[in-house]
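K.L.:
The structure's right below; bear with me while I get my questions together.
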Amino acid sequence: MNRQIYLDYNASTPLAPEVAEAMRPFLSVAYGNPSSLHWAGSPARDAVEKARSQVAALLCCDATEVIFTSGGTEANNYAIKGAFFSAKDRGAPFHIITSCIEHPAVLEPCRFLQALGAEITLLRVDRFGVVDPDDVRRAIRPHTRLITIMHANNEVGTIQPIGSIAAIARDHGIPLHTDAAQSAGKVSVDVELLSVDLLSIAGHKLYGPKGVGVLFVREGVPLEPLLHGAGHESGRRAGTENILEIVGLGAACEVADECVDRGMVRQLRDEFWERLRDEFGDRIVLNGHPVDRLPNTLNVSFLDHAGYDVLAQLPSIAASTGSACHAGAATMSPVLAAMGASFEVGRGAVRFSFGRMTTGDDINAAIDLLAGIQRTDGKRNMKPLSQYTPDEIKTAVAERYSSVATSPDEKFNFPVGRKFAESVGYVAAVLDSLPRGMWESFTGAGNPQAFVDARPGETVLDLGCGAGLDLYLYSQKVGQTGKLYGLDLSADMLSKARRNLLEMGVANVEWLNAPADRIPFPDSSVDLVTANGIYNLSPDKDAVMREVARVLKPGGRTIFAEIVLKSELPNEVRSEIKDWFRCIGGALVEGDFLQRLVANGLTNPEILWLGRNSRTGHELSNCAVIRAEKGRS
């Protein structure tokens, strides 16, 4: 049996022996309530205050600025929601700046407050996962009330320039919060050097117990408590203190203060990376900043493999394909997507994180096992899109649309043109990267041809974005330098799209709310407009065409996935049209669609592909995807 190798210290750490020893008396002897004034309460109260001082020593702050919580998630929620609800001018605009690679414990509270009226700006990151302080400065508004940027990323380990961001925040009088759950105990978290106002840590990330954390609150920073009750934690966090785990966290912080920057873990990590490069050569790449990252974290991509396949074949190695909270899903990490990683790089990612108990023997054994994967694992599902055959493409898409197509040939009789085949192949490949749960929350993709037309750096308007699948796919083509507009007539669907895109790490989307009586086109010009079904739902169809022509740049393109009824059809064919409507997101329209496009300012219309009913043999010449342009002046 292979030895068990634990390389997932960013997910959780074992209890340090010193921590377990400190906690042991509080399992049996010291059982009093720390709020009690009698002989049983005094030892408990003293233990809590000792732990508070131990935490304060690690953070280089005053003990009165330390608030114990149930973990990092509560600490983050307290910082963000507490700032929002403490605003003296309740109801006035409240703007929060954060990044698109934050842990869900930050992004979800921001999303919650957004539903209550807060404005949220999600900053992009560069290819190393770094937030540009200048982006923070540019994002500040007159009503910006909080900036929250993580100290170090949990997946790739990149350390953010918190000091530079803090200087900007201080110049504008804006409180700065940082999630230091991953950095505490690995690098310095001196709150004076970082110049932060709020900082969160989690006990189980630094060899302490689970279920306990801390929020540092600089003196004078107002926060509304999350929990209301008796006056525990100086009235800032109600609930009898969890003495056992607070004692453990205090001991863990004391040990961490002695162990920071020893260099042994960094040395093991770097040795492991060098040996991986020797073994895999140019078929392995590093994710994250090459220098400014946590000393224990190594996120790499095996270019010929899927990361989850690598780990599935090595059950004796405990590592992760991303954040442990998402490890059950075979998906491209939203963090890597936000960093602009390619599909191949994102899918092959594995995070190895090392700790105090990692040994050289662990490194040797892990390398031997991984070398075996290289020899046995093939390039499953990773061939270039140009090598997809039409049948493979139809099968891949039909599997995803199983509720519509009972077999690849029943409803998916696509033409075999290479350009179109690659576009559908691209869609199938990216859909394969989505976790099953997210796929089920999306509606069907509209028109694969739009993915061919979208280009890096372009601006794309999706009319009828549904639950956001098309927007996610477009984001993979336009990249971080591009911009997306999402619009849907259903407020519920638009809300779902917001959630899905945020979860997938796509931040460059501007959402357009559509009232019942009109479609709110953006004021700025765009390169590509896709209309998948919304055309049919609009009260003035010619007005939609005119507005599309208005917002397009000269030479811009538009794709209508429509079903054009030119004549009466047999009932059996009309039945098929309903299925096509569901498949391609098209609309039932009347009249000569191509002539109406030209009349409304859209030139060179062409039918890109047609459908055939393979069961009846009837040519559905009126089932079409249509492309048009805006003429150049």
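The values are calculated or read from the model by the stated rules, or taken from the named source; none is laboratory data. The structure presented is a predicted model; accordingly, all values stated were derived computationally and were not measured. Positions of Cβ are generated from backbone atoms using ideal geometry, with glycine treated the same way; all protein chains shown enter the neighbour counts. These area figures cover heavy atoms from the full protein model, side chains too; ligands, DNA and RNA do not enter into them. Shrake-Rupley method; radii C 1.70, N 1.55, O 1.52, S 1.80 Å.
K.L.:
Anything in region 30-55 that is in contact (Cβ under 8 Å) with a residue 60 or more places away in the chain and among the polar types (S, T, N, Q)? List them, or say none. Steps first, answer last, please.
P.N.:
Going residue by residue through region 30-55, those that are in contact (Cβ under 8 Å) with a residue 60 or more places away in the chain are 30, 33-35, 44, 47-48, 50-55.
Listed by number, the residues that qualify are ASN33, SER35, SER53, GLN54.
K.L.:
Which of the residues that make up region 252-264 are modelled with pLDDT under 95 and either over 23 Å from GLU18 (Cβ atoms) or open to solvent by less than 40 Å² (accessible area, probe 1.4 Å) (or both)?
P.N.:
VAL255, ALA256, CYS259, VAL260, GLY263, listed by residue number.
K.L.:
Do you know which residues across region 72-85 are in contact with a strand residue (DSSP E or B) (Cβ under 7 Å, 6 or more places away or on another chain) and open to solvent by less than 10 Å² (accessible area, probe 1.4 Å)? Let's see the steps before the verdict.
P.N.:
Applying the first criterion (in contact with a strand residue (DSSP E or B) (Cβ under 7 Å, 6 or more places away or on another chain)) to region 72-85 yields 72, 74-76, 78-80, 83.
Matches in region 72-85: ALA75, ASN76, TYR78, ALA79, ILE80.
K.L.:
Determine, yes or no, whether THR64 is assigned to a helix (DSSP H, G or I), surrounded by fewer than 18 Cβ atoms within 10 Å (Cβ to Cβ) and either touching an Asp or Glu at 6+ places or on another chain (Cβ under 9 Å) or hydroxyl-bearing (Ser, Thr, Tyr) (or both).
P.N.:
Numbers: assigned to a helix (DSSP H, G or I): yes; surrounded by fewer than 18 Cβ atoms within 10 Å (Cβ to Cβ): yes; either touching an Asp or Glu at 6+ places or on another chain (Cβ under 9 Å) or hydroxyl-bearing (Ser, Thr, Tyr) (or both): yes.
Spelling it out, THR64 is indeed assigned to a helix (DSSP H, G or I), surrounded by fewer than 18 Cβ atoms within 10 Å (Cβ to Cβ) and either touching an Asp or Glu at 6+ places or on another chain (Cβ under 9 Å) or hydroxyl-bearing (Ser, Thr, Tyr) (or both).
K.L.:
Tell me yes or no: at least one residue of region 112-121 is closer than 23 Å to SER70 by Cα, touching a helix residue (DSSP H, G or I) at 6+ places or on another chain (Cβ under 8 Å) and of a type outside the set (D, E, K, R). Walk me through how you get there before you give the answer.
P.N.:
Step one: of region 112-121, the residues closer than 23 Å to SER70 by Cα are 112-113.
Retained after the next criterion (residues that are touching a helix residue (DSSP H, G or I) at 6+ places or on another chain (Cβ under 8 Å)): 112-113.
Cutting the leftovers down to of a type outside the set (D, E, K, R) gives us 112-113.
Scanning region 112-121 turns up at least one residue that is closer than 23 Å to SER70 by Cα, touching a helix residue (DSSP H, G or I) at 6+ places or on another chain (Cβ under 8 Å) and of a type outside the set (D, E, K, R).
K.L.:
Of the conditions (1) out of contact with any strand residue (DSSP E or B) (no Cβ under 7 Å at 6 or more places or on another chain); (2) over 18 Å from ALA166 (Cα atoms), ASP190 fails just one. Which one is it?
P.N.:
(2)
K.L.:
State all residues of region 253-293 that are in contact with a Leu (Cβ under 9 Å, 6 or more places away or on another chain) and farther than 21 Å from THR359 by Cα; if no residue qualifies, say none.
P.N.:
CYS253, GLU254, ASP257, PHE280, ASP282, ARG283, ILE284, VAL285, LEU286, ASN287, GLY288
Yes or no, residue by residue, for (1) open to solvent by 30 Å² or more (accessible area, probe 1.4 Å); (2) without any contact (Cβ under 8 Å) to a residue 12 or more places away in the chain; (3) under 18 Å from SER200 (Cβ atoms):
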position: ALA238; (1), (2), (3): no, no, no
position: GLY250; (1), (2), (3): no, no, yes
position: ARG269; (1), (2), (3): no, no, no
position: LEU276; (1), (2), (3): no, no, no
position: GLY281; (1), (2), (3): yes, yes, no
position: PRO295; (1), (2), (3): no, no, no
position: HIS305; (1), (2), (3): no, no, no
position: LEU314; (1), (2), (3): no, no, no
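K.L.:
From the residues in region 31-51 that are touching an Asp or Glu at 6+ places or on another chain (Cβ under 9 Å) and not in a helix (DSSP H, G or I), which one is least open to solvent (accessible area, probe 1.4 Å)?
P.N.:
If we take residues in region 31-51 being touching an Asp or Glu at 6+ places or on another chain (Cβ under 9 Å) and not in a helix (DSSP H, G or I), then PRO34 is least open to solvent (accessible area, probe 1.4 Å).
K.L.:
Please pick out the residue among GLY437, GLY446 that is at pLDDT below 80 and either surrounded by 21 or more Cβ atoms within 10 Å (Cβ to Cβ) or in contact with a helix residue (DSSP H, G or I) (Cβ under 7 Å, 6 or more places away or on another chain) (or both).
P.N.:
Working: GLY437 fails: either surrounded by 21 or more Cβ atoms within 10 Å (Cβ to Cβ) or in contact with a helix residue (DSSP H, G or I) (Cβ under 7 Å, 6 or more places away or on another chain) (or both).
After ruling out the rest, the residue left standing is GLY446.
K.L.:
Given the criterion touching a residue at least 24 places away in the same chain (Cβ under 8 Å) and exposed (fewer than 14 other Cβ atoms within 10 Å of the Cβ), identify the matching residue among LEU58, LEU27.
P.N.:
LEU27
K.L.:
Considering only region 86-195, give the helices (runs of 4 or more DSSP H) lying wholly within it that have at least 1 residues that are buried (at least 22 other Cβ atoms within 10 Å of the Cβ) and under 23 Å from the mean Cα position of the chain (by Cα). Outline the logic, then answer.
P.N.:
Values: elements: 104-115, 133-139, 162-171, 191-194.
It comes to 104-115, 133-139, 162-171.
K.L.:
Further question: Among the residues of region 223-236, write down those that are of a type outside the set (Asp, Glu) and surrounded by 12 or more Cβ atoms within 10 Å (Cβ to Cβ).
P.N.:
LEU223, PRO225, LEU226, LEU227, HIS232, ARG236, listed by residue number.
K.L.:
What residue, among those in region 346-383 that are charged (D, E, K, R) and at pLDDT 85 or above, is farthest from the chain's Cα centre (by Cα)?
P.N.:
Of the residues in region 346-383, the ones charged (D, E, K, R) are 347, 351, 356, 361-362, 368, 375, 377, 379-380, 383.
Those left that are additionally at pLDDT 85 or above: 351, 356, 361-362, 368.
On the way: ARG351: 16, ARG356: 29, ASP361: 35, ASP362: 31, ASP368: 33 Å.
Filtering region 346-383 for residues that are charged (D, E, K, R) and at pLDDT 85 or above, the one farthest from the chain's Cα centre (by Cα) comes out as ASP361.
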